[in-house]
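Let me begin by presenting the structure, written as structure tokens, before commenting on it.
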Amino acid sequence: MAVFIEKNLESEWFRKRLNILLFWIALAFFLLLLRLFYLQVVNGNYYRQLSLNNRIRLKRLSPARGLIYDRDHKLLVDNVPSFNIVIVPKDIVSIKSVVENLKSFFPLNNKKIIKKIKSGLIRAPFEPVVVAKDVDRRIVARIEANRFYLSGVHVYVEPKRYYLYPGVASHVLGYLGEIDTKDLKQRDYKQLKVGDSIGKSGIEKQYENILRGKYGGAQVEVNARGQVRKVLSKVSPEPGHNLNLTIDFELQKYAVKLFGRKAGAAVAMNPYTGAVLCMVSNPSYNENLFVSGMTSDKWRSLLKNPEKPLENKAIQGEYPPGSIFKIVVALAGLEEGAVKRKDQFICSGRYYFGDRYFRCWNSYGHGHVNLTRALIESCDIYFYKLGYKLGIDNIALYARKFGLGSKTGLDLPNEESGFIPDSMWKKKRFKSSWKGGETLSAAIGQGYDLVTPLQAAVMISVVANGGELIRPFLVKSVTDTHGRELKSMKRKDTIPLKFDKKNIDTIKKALYRVVNSPSGTAYKMRSGIISISGKTGTAQVVSSEKHKGNKRKKKDILPHAWFVAYAPVKHPAIAVAVLVEHGEHGASAAAPIVNKIIEKYYENRNKDVLR
């Protein structure tokens, strides 16, 4: 009996223990089922996507950017293969170890790269993060040989921008730079991502949407290490369209050479169509340095350079026009009847007005001077007196008719408008009335007057073509990769100014004699092969008193030198404006450059129309 009771007690103890064990087993299965339900039902789509991304991924394919040619179809900007090193954050076992391994192949900023990868891991874990661009082929070969130790590291081959003649037309062509967060917010850049490159200046920026093309993609199968095993499907990228410029590259290259180490700008254009034949801004820069990213030291040196190599002086440099502005005042005087062709003023070398003397560049004076002679010899006293008769508002009116004081509409970004003052502006800006002495300064292109070299080229084109304001342009056509023309950009946007033909002819005859008469200020620069008309200009940077009183003659206080011209005289085909910063005299610093640009153009293209 005792044995039976003891056995029953043991059996009861065993059942209790078994029930407890079964409970925990059931609980474990319940929790496992609950977890499976959470993974497969509640978060099923999320983990399904992660699984697919581990096996199938979408690889973005970059398009080849459109090429850029000159007017004779000479290739200026091309694309070449570039090897970029990227890391897929999700495929990395240890960020620090991968970065340390990569550092043995090429220099890296550890902190910056690690921060970039961690940011990518949170934002888009399967999106490649670029850690190095345009890597040398030998480094690529070493990385490929050590792929086993570099999980998540890939080599992408992409087209890289290549400028065939760096520094020759950099301000026209522009350069590429990595897109920033500000750019990404713009509607035109919605398809782009951090790390992509876009046009940052020049033609590259102005025609970004035409040059860029469309991105493609490939659906690829990868292994656990993120290495591609098979391409499942592919949508090829569409290359960008090509641009054909109006620029004559041989003329452009020659004009750059003429400047040498002088700072300044030159613009040559067809005075009837507005096609820009060359545009120089000196000093220049190497566009290729921006493609793969330059060092911070190099960037700072460009920014701190006092001669501003990154500025396109042809459209952004605003300078006092000096005596080239006398063309505007002379025509305004004739049109408004303030002076007749034969009317004379006396120049004694200085003119007393108000409480001060206004001086002529010729301290001995020119004697009795009419309008034609005043232009030929650039008499300041004549234009002081004519300017005062006209008044500042009439001067401003005609200056604006010539396109001064407003943007020309050239197809480049960041063009400046220059400045032409009037009495209303003075009253609004300074709360004071315009003074007569200020009119005298404005009449010879000093005071508040500011123009760009491009505006000066447009101004002389108005005289050359007989009185039409022309809109300049740089791109003449858009073509596809097979050379088929998609769009012609040739145009003749003109505004007839309705000047009296006799008055225009008077100005033309005077400008011809500026170059071809022994008394003309540019007589030494006349050409033996082509007839040229033009006007010299010297624009003061500081007052004449300060300039004369400075014994050291520091370069930065010397006057700027101008020369504007067109040729040939009877049937003009080219108009040129040159500005040499602190060149001092237009006749000696700017005129020789203009003379040689015109002769070069005619030697290359127009021998049959030389006159």
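Quick notes
- Residue identified as hydrophobic (A, V, I, L, M, F, W, C), in contact with a Cys (Cβ under 8 Å, 6 or more places away or on another chain), buried (at least 21 other Cβ atoms within 10 Å of the Cβ) and assigned by TED's automatic domain parsing to the domain that holds Glu584 among Ile381, Ile420: Ile381
Per-residue answers, yes or no, for (1) within 19 Å of the chain's Cα centre (by Cα); (2) within 23 Å of Glu416 (Cβ to Cβ); (3) outside the structural domain of Asp72 (by TED's automatic domain parsing):
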position	(1), (2), (3)
Lys193	no, no, no
Lys205	yes, yes, no
Val220	no, no, no
Val235	no, no, no
Glu238	no, no, no
Val267	yes, yes, yes
Gly274	no, yes, yes
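- Looking only at residues in the stretch 278-301 that are in contact with a Lys or Arg (Cβ under 9 Å, 6 or more places away or on another chain) and assigned to a helix (DSSP H, G or I), the one that is farthest from Ala561 (Cα to Cα) is Val291.
- Residues (farther than 18 Å from Val168 by Cβ and either in a strand (DSSP E or B) or at pLDDT 95 or above (or both)) located in the stretch 302-321: Gln316, Gly317, Glu318, Tyr319, Pro320, Pro321
- Against the numbered list (1) under 30 Å from Met489 (Cβ atoms); (2) touching a residue at least 60 places away in the same chain (Cβ under 8 Å); (3) in a helix (DSSP H, G or I), Gly409 comes up short only at (3).
- Top-ranked residue in the stretch 126-166 [being hydroxyl-bearing (Ser, Thr, Tyr) and at pLDDT below 80; ranked as surrounded by the most Cβ atoms within 10 Å (Cβ to Cβ)]: Ser151
- If you check Ser461, Ser519, Ser531 for being assigned by TED's automatic domain parsing to the domain that holds Ser441, part of a loop (DSSP other than H, G, I, E, B) and closer than 27 Å to Arg71 by Cβ, only one passes: Ser531.
- Any chance Lys193 is part of a loop (DSSP other than H, G, I, E, B) and surrounded by fewer than 20 Cβ atoms within 10 Å (Cβ to Cβ): yes
The values are calculated or read from the model by the stated rules, or taken from the named source; none is laboratory data. What you see is a predicted model; the values in this text were computed from it and never measured. As a convention, Cβ positions derive from the backbone with ideal geometry for all residues, glycine included, and neighbour counts pool all protein chains shown.
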